[in-house]
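I have placed the structure first, in the form of structure tokens, so that the comments after it can refer back to it.
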Amino acid sequence: METLMPGSVRPMLAVGGSPPVGEGWAVEFKWDGVRAIVAAAGDRVRITSRNGNDVSGGYPEIVAAGLGEGRSVVLDGELVALDAAGRPDFGLLQQRMHVRAPGPELRAVAVSFSVFDVLELDGRSLLRETYDVRREVLRGLGLDGLAGVSVPPSFTDLPAVQLLEVAREHRLEGVVAKRRASRYEPGRRSPSWTKTALISTQEVVIGGWTVGAGRRAGTLGALLLGARDVAGRLRYLGNVGTGFTEAALRDLLVRLGPLHTSRSPFDDEVPRELTRGVTWVAPQLVGEVVYRTLTGDQRLRHAAWRGLRPDRDPDEVVIELP
């Protein structure tokens with residue numbers, strides 16, 4: 001009798017904050033990749049992005065890893081590409097994120113699946129079980145023996161602030177602290193999970209673009225960026241004009257062309273001096289930037305482009321600035 005394929009689950013999300021203190025927390029390192037929910041039963045595997053899209057075709061090495069061999073299971077984790085030193089490299093992963101059927105050349109950029117939670121096993125939901133129970137089940141699955149799959153460590157005997165320094169030393173993205181007694185809350189950003197990042201990033205929606213000058217003449221110069229506030233208004237957060245590869249510039253122009261609109265999509269006013277020569281676009285493309293600091297009016301300063309985020313919906317991109 002064929003094992004039924006389990007359904008997918010919307011991933012639980014963490015809130016940003018300082019490393020928590022006190023007992024009752026487990027701490028994991030934060031991996032700089034793309035969140036994924038993987039459902040598997042036998043040789044059938046479905047990989048779903050954070051916004052619910054089926055991206056299985058883009059990661060054939062994970063589909064073929066044997067995650068569902070002898071069982072049905074739903075796993076939560078991160079798709080990552082590692083650099084030569086074994087550290088997650090988001091720039092490398094970008095080469096794979098937009099491709100639905102990568103050929104041999106692109107598959108040279110190997111993607112692995114770091115699993116940090118199990119949500120269902122052989123038809124039994126684990127969503128209401130505690131973090132500790134789910135981790136015990138996860139350890140018993142033997143996933144570390146599969147090619148391209150790992151179960152990163154979870155620390156219950158070291159303070160989060162100490163592990164944050166370890167992450168800094170090894171140039172990792174940060175840490176996530178999770179309450180050991182907490183249940184899994186699908187689709188919810190819960191204070192039971194607290195993330196502390198060592199680099200300042202912000203997901204953004206593209207609202208406009210300007211033409212470049214000099215060696216960038218005839219192509220894209222800068223993007224005008226925004227995100228939604230607590231009231232759902234699309235706020236202007238600033239411009240980004242660095243961090244683009246030539247391939248990214250060409251790709252963005254192709255994607256932005258059909259989105260042209262006659263007026264600003266932002267709900268607040270963009271400074272007039274920044275609107276000269278702007279081509280406004282419908283706020284449908286999501287990206288991510290890294291930035292050094294903020295101005296007094298909460299605008300990104302010294303921002304650099306990291307890439308598009310096809311795993312995000314424009315309406316869920318919210319302001320996470322400190």
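General observations
- Estimated at 0.36 nm per residue, the fully extended path between Glu23 and Asp122 surpasses their Cα-Cα distance by 32.4 nm.
- With a cut-off of 13 Å between beta carbons, the residues surrounding Gly16 carry a summed charge of 0, where Lys and Arg count +1 and Asp and Glu -1.
- Among Arg299, Arg263, sorting on how many other beta-carbon atoms sit within 10 Å of each Cβ, with the fewest leading, yields Arg263, Arg299.
- Distance from the Cα centroid of region 158-216 to that of region 284-308 is 14 Å (rounded to whole angstrom).
- Share antiparallel - DSSP beta bridges, the chain, percent rounded to 5: 90 percent
- Cβ-derived FRET efficiency at R0 22 Å, Arg250 paired with Val109, nearest 0.05: 0.70
- Burial order of peptide ranges 117-128, 23-34 (average beta-carbon count within 10 Å, highest first): 23-34, 117-128
- The value of relative contact order for region 236-322, using C-alpha pairs under 8 Å at least six residues apart, is 35 percent.
- Proximal charge balance of Arg183 [Cβ under 14 Å; K/R count +1, D/E count -1]: +1
- Simple spin-label estimate for Glu69 and Arg272 in nanometres, 7 Å along Cα-Cβ: 6.8 nm
- Anisotropy class of region 119-184 from Cα gyration tensor, a/c 1.5 cut: oblate
- Kirkwood Rh and Cα Rg combined as Rg/Rh, region 33-151: 0.96
- Sites Thr279 and Glu61, calculated FRET efficiency, Cβ-Cβ separation with R0 41 Å, nearest 0.05: 0.60
- Over the chain, DSSP H runs of length four or greater, each weighted -39,500 (n - 2.57), average out per residue to a 222 nm ellipticity of -4000 deg cm²/dmol.
- Spacing of the two label points (7 Å from each Cα toward its C-beta) at Glu316 and Thr261, in nm: 2.1 nm
- Comparing Pro60, Ser200, Val99 along the charge dipole axis of the chain, the residue lying farthest to the positive side is Ser200, per the Cβ-charge model.
- Residues Val166, Val254, Val290, ranked from the fewest to the most other C-beta atoms within 10 Å, line up as Val254, Val166, Val290.
- Helix 246-256 and the longest principal axis of the C-alpha atoms of the chain enclose an angle of approximately 80°.
- Ranked Val109, Val115, Val55, criterion: other C-beta atoms within 10 Å, fewest first: Val109, Val55, Val115
- Based on Cα contacts under 8 Å between residues 6+ apart, the chain shows a relative contact order of 19 percent.
- Cα Rg over Rh - region 201-316, Kirkwood: 0.92
- Stretch gain in nm, segment Met5-Asp229, where the contour uses 0.36 nm per residue and the Cα spacing is subtracted: 76.8 nm
- Amide proton proximity set for Arg189, modelled H, under 5 Å, gap of 5+: Leu13
- Counting Lys and Arg as +1 and Asp and Glu as -1 over every other residue whose Cβ lies under 13 Å from the Cβ of Ala64, the net charge comes to -1.
- The modelled label-to-label distance between Leu13 and Ala213, using points 7 Å beyond Cα along the C-beta direction, is 3.8 nm.
The numbers here are math on the coordinates, done by the rules we state, and not lab data. Computed from a predicted structure; not experimentally measured. Using ideal geometry, Cβ is built from the backbone for each residue, glycine included, and neighbour counts are taken over all protein chains shown.
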